[in-house]
1. Pull out all pairs, ordered by first then second residue, where Cβ-Cβ is under 8 Å, the residues are six or more apart or on different chains, the first lies in segment A:184-200 and is without any contact (Cβ under 8 Å) to a residue 24 or more places away in the chain, and the second is open to solvent by 50 Å² or more (accessible area, probe 1.4 Å).
2. Go through segment B:65-87 and report how many residues are more than 22 Å from B:E204 (Cα to Cα) and either in contact with a Ser or Thr (Cβ under 6 Å, 6 or more places away or on another chain) or more than 9 Å from chain A (Cβ to nearest Cβ) (or both).
3. Evaluate the following for A:L177: is it more than 17 Å from A:S124 (Cα to Cα), facing another protein chain (nearest Cβ under 9 Å) and under 17 Å from the mean Cα position of the chain (by Cα)?
4. Out of all the residues in segment B:67-80, which are surrounded by fewer than 17 Cβ atoms within 10 Å (Cβ to Cβ) and touching a strand residue (DSSP E or B) at 6+ places or on another chain (Cβ under 8 Å)?
5. Please work out if B:T45 is surrounded by fewer than 23 Cβ atoms within 10 Å (Cβ to Cβ), under 13 Å from the mean Cα position of the chain (by Cα), outside any strand (DSSP E or B) and away from chain A (no Cβ under 11 Å).
6. Among B:R216, B:R145, B:R241, B:R235, which is the only one that is open to solvent by 10 Å² or more (accessible area, probe 1.4 Å), basic (K, R) and touching a His at 6+ places or on another chain (Cβ under 6 Å)?
7. For segment A:56-86, which residues satisfy the criterion of being within 30 Å of A:A203 (Cα to Cα) and open to solvent by less than 40 Å² (accessible area, probe 1.4 Å)?
Amino acid sequence: MSREGYVNAALVAALIGVPLWAHLAGEPFTITLATRAVIFALAAVGLNLALGLGGMVSFGHAVFFGLGGYAMGILAHHAQNFLPLYDGLFLIEGTKSMPVIWLVAITVSALAALLIGLLSLRTSGVYFIMITLAFGQMFYYFTISWSAYGGEDGLSIWVRNGFPGLNTLDPIQFYALCFTLLCAALWLTHRIARSPFGLMLNATRQVPHRVETVGLDGQRAKLVVFVISGAITGLAGALFADLNRFVSPTMFSWHMSGEIMIFVILGGVARLFGPVAGAVLFVAMEHVLGDLSDYWHIYLGALLLGIVLFARGGVVGLLAGRAKSHD
Amino acid sequence: MTEPVLDISGLTKSFGALVVSDSIDLSLRPGEIHAVIGPNGAGKTTLIAQICGALAPDAGTIRLRGQDVTALPTRARARLGLARTFQISALAMEDTVLQNALLGALGATGNPWRLFRPVLSDRDLRQTAEAALDRVGLLEKAAMRTADLSHGERRQLEVAVALTLRPAAFVMDEPMAGLGAEGGQKMTALLDTLRHEAPILLVEHDMDAVFALADRISVLVYGKIIASGPPDAIRADAAVREAYLGDEG
């Protein structure tokens with residue numbers, strides 16, 4: 001096993017061991033923290049596909065995170081108030097079922113990513129960053145003014161949604177659900193990175209004109225991965241809303257986009273477990289340093305600066321050395 | 001006479017008042033190396049850009065294997081069998097040598113949309129890529145990072161990627177660029193064998209290589225072909241000597 005393999009294994013072991021210990025020791029708050037970290041990691045695994053593999057610096061991934069959140073919020077809001085979602089030619093009702101909510105969250109964010117990708121992938125560099133940011137702000141202000149769903153105050157969901165066969169109100173069971181989804185997303189990323197599609201994408205990021213001259217459509221590859229990326233972050237949004245039993249426009253804010261990007265950069269861009277390491281570190285700092293000072297972001301900023309200046313491979317790169325080309 | 005693989009007629013392009021391609025006629029026949037030479041700023045790079053689809057001409061047609069490709073984008077021309085090498089190596093530096101070759105092989109299959117199966121488990125792709133690397137003498141370095149290759153080896157890899165496409169015609173933009181005497185000889189020997197696979201349109205500054213390899217030479221000066229013919233005729237041509245070769249003695 002490579003050094004990066006050991007780092008990844010240690011992360012997985014911690015993500016299994018710590019919540020289990022917390023469960024046995026009766027520390028539900030620690031499990032909630034771990035759940036928060038795992039959900040953030042999932043959102044960042046999504047972004048890492050676009051950013052790390054595709055080279056697209058999306059400053060608008062909060063759109064997908066927020067869409068996932070509102071997919072959960074709206075469906076559950078209608079279900080808990082016994083209001084039909086649509087009552088015209090046919091009837092659509094809200095739902096409290098997680099699998100259905102996830103499916104809706106994934107579909108809606110994938111469609112949004114397709115639309116945003118089609119428009120913004122005509123540009124690159126700073127313009128791409130600005131356009132994705134602009135989309136984020138559009139959604140943010142739209143939800144603020146959308147009074148039917150709480151406007152600025154957001155939506156509260158009274159009881160966590162259900163999953164067949166599980167008691168999702170039990171912190172450890174909900175955690176297990178989120179952790180499983182994170183593992184699935186990591187597996188997907190791993191497969192994509194090694195596939196012919198991943199090879200094409202990898203080359204498109206580095207030498208787009210080369211990819212065209214061997215007869216491949218690099219732009220379309222970027223669009224496809226942007227859609228997959230958005231869908232994964234959307235799923236994370238639905239889970240985040242379920243964790244808090246609350247959605248609000250802040251899920252769409254550019255701070256959120258920035259935070260997702262920080263997870264990726266902190267942990268290591270284009271490293272499989274980079275987003276996981278980044279999200280865990282972020283949540284740990286938020287908790288430990290947040291207790292010491294309201295201004296804990298100063299320390300985060302210093303750490304980020306150090307990483308960007310001296311350790312481009314992020315925490316994973318720092319521990320595992322230079323990235324190995326896949327073989 | 002056999003039908004040319006690549007047939008360019010009346011190709012014209014100008015940027016404002018500057019005519020960079022002035023009704024250029026060029027053809028590439030099976031089995032030949034056709035060199036295009038000319039002083040800096042003669043319009044060689046814009047000519048290649050138009051042939052390969054990176055730049056649209058104002059007038060004229062480009063036919064590849066009898067098909068009009070003038071309006072087709074770069075990747076469609078590649079799929080029809082046009083393989084380009086770049087003056088400045090365009091390789092994925094973070095990837096391995098093998099991965100760069102695999103990219104070409106993948107382009108040749110036209111089916112890159114498999115998202116789950118590892119690319120290295122595809123035996124056909126691997127064989128194509130490894131055969132091309134073997135051909136240019138890079139098979140032993142297949143697992144190396146491309147960034148760790150020497151300049152000369154990167155030039156060879158450029159050619160290997162073009163080879164994986166199993167092209168109908170090569171368009172090579174200064175394959176000798178930056179190579180020393182030894183590297184230049186190796187590359188010359190390699191190109192000499194490639195013409196049997198597919199004809200080569202060779203844009204090159206290295207006159208030793210051009211006169212050693214070319215079956216025909218066209219001389220481009222200020223966007224115009226001022227002479228075209230076998231190497232001996234070009235060497236003897238007074239206009240060429242004045243415009244170009246004379247400068248170098």
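1. A:R191/B:F116; A:S195/B:R114; A:S195/B:F116; A:S195/B:R117; A:P196/B:N111; A:P196/B:W113; A:P196/B:R114; A:P196/B:R117
2. The qualifying residues number 8.
3. On the way: more than 17 Å from A:S124 (Cα to Cα): yes; facing another protein chain (nearest Cβ under 9 Å): no; under 17 Å from the mean Cα position of the chain (by Cα): yes.
Criteria not met by A:L177.
4. B:D68, B:L80
5. Numbers: surrounded by fewer than 23 Cβ atoms within 10 Å (Cβ to Cβ): yes; under 13 Å from the mean Cα position of the chain (by Cα): yes; outside any strand (DSSP E or B): yes; away from chain A (no Cβ under 11 Å): yes.
It is true that B:T45 is surrounded by fewer than 23 Cβ atoms within 10 Å (Cβ to Cβ), under 13 Å from the mean Cα position of the chain (by Cα), outside any strand (DSSP E or B) and away from chain A (no Cβ under 11 Å).
6. Details: B:R145 fails: touching a His at 6+ places or on another chain (Cβ under 6 Å); B:R241 fails: touching a His at 6+ places or on another chain (Cβ under 6 Å); B:R235 fails: touching a His at 6+ places or on another chain (Cβ under 6 Å).
It is B:R216.
7. First, the residues of segment A:56-86 that are within 30 Å of A:A203 (Cα to Cα): A:56-65.
Those that are within 30 Å of A:A203 (Cα to Cα) and open to solvent by less than 40 Å² (accessible area, probe 1.4 Å): A:M56, A:S58, A:G60, A:H61, A:A62, A:V63, A:F64, A:F65.
Here is a yes/no grid of residues against (1) of a type in the set (S, T, N, Q); (2) touching a helix residue (DSSP H, G or I) at 6+ places or on another chain (Cβ under 6 Å); (3) at pLDDT below 95; (4) over 23 Å from A:P208 (Cβ atoms):
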| site | (1), (2), (3), (4) |
| --- | --- |
| A:G52 | no, no, yes, no |
| A:V63 | no, yes, no, yes |
| A:A79 | no, no, yes, yes |
| A:F82 | no, no, yes, yes |
| A:L89 | no, no, yes, yes |
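The values are calculated or read from the model by the stated rules, or taken from the named source; none is laboratory data. Computed from a prediction, not measured in an experiment: that's the story for all the values here. Counting neighbours? That spans all protein chains shown, and the Cβs are built from the backbone with ideal geometry, glycine included. The accessibility values were calculated without ligands, DNA or RNA, using every heavy atom of the protein model including side chains. Shrake-Rupley method; radii C 1.70, N 1.55, O 1.52, S 1.80 Å.
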